Amino acid sequence: QALPVLFKHWLKNEEVEEGCTAVLRCELTKPNVPVEWRKGDTVLQPSDKYEMRQEGTRVELFVYDADAQDV
């Protein structure tokens, strides 16, 4: 049976000024597994606001033009 995917490095709180880009990063124990980014119950989709990147075990979420609503 396959081992579950776990976090090697958890997300850290980030502070950015309004209008700047926030970048959230984490590292998983397995490469290239599907990752779903959420804000509360909402699944985030790639857009002008959000960009998701994944390379091997490292995953990143870019939040462009960050504002107080992105908390």
Radius of gyration and Dmax over the Cα atoms of the chain, both given in Å: 13.1, 46
Simple Cβ-charge dipole of the chain, Lys/Arg +1 and Asp/Glu -1, about Cα centre, in debye nearest 20: 560 debye
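Considering only DSSP states other than H, G, I, E and B, which chymotrypsin sites (Phe, Trp or Tyr not before Pro) in the chain qualify as loop sites with at most 16 other Cβ atoms within 10 Å? Walk me through the numbers before you get to the answer.
Details: sites: PHE7, TRP10, TRP37, TYR50, PHE62, TYR64; in loops: TRP10, TRP37, TYR64.
Loop-located and lightly packed - TRP10, TRP37, TYR64.
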Between LEU44 and GLU18, how many nm apart are label points set 7 Å from Cα along the C-beta direction? 2.0 nm
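Express the accessible area of the chain per residue in Å², computed with a 1.4 Å probe while the remaining protein chains stay in the model. Let's see the in-between values first.
Working: 5720 Å² over 71 residues.
Result: 81 Å² of accessible area for each residue.
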Roll a 1.4 angstrom probe over the protein heavy atoms and tell me the percent of accessible area of the chain that is carbon or sulfur. 50 percent
If exposed means GluC sites (Glu not before Pro) lying in a DSSP loop and surrounded by at most 10 other beta carbons within 10 Å, then the longest stretch of the chain lacking such sites spans residues 37-71
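So, counting K/R as plus one and D/E as minus one, what does the shell of residues with Cβ under 15 Å around GLU27 add up to?
On the way: positive: LYS8, LYS12, ARG25, LYS30, ARG53, ARG58; negative: GLU55, GLU60.
Every neighbour counted, the sum reads +4.
The values are calculated or read from the model by the stated rules, or taken from the named source; none is laboratory data. Because the structure is a prediction, the values reported are computed rather than measured. Don't worry about glycine lacking a Cβ; one is built from the backbone with ideal geometry, like all the others, and counts go over all protein chains shown. Surface accessibility is based on the protein's heavy atoms, side chains included, excluding ligands, DNA and RNA. Shrake-Rupley method; radii C 1.70, N 1.55, O 1.52, S 1.80 Å.
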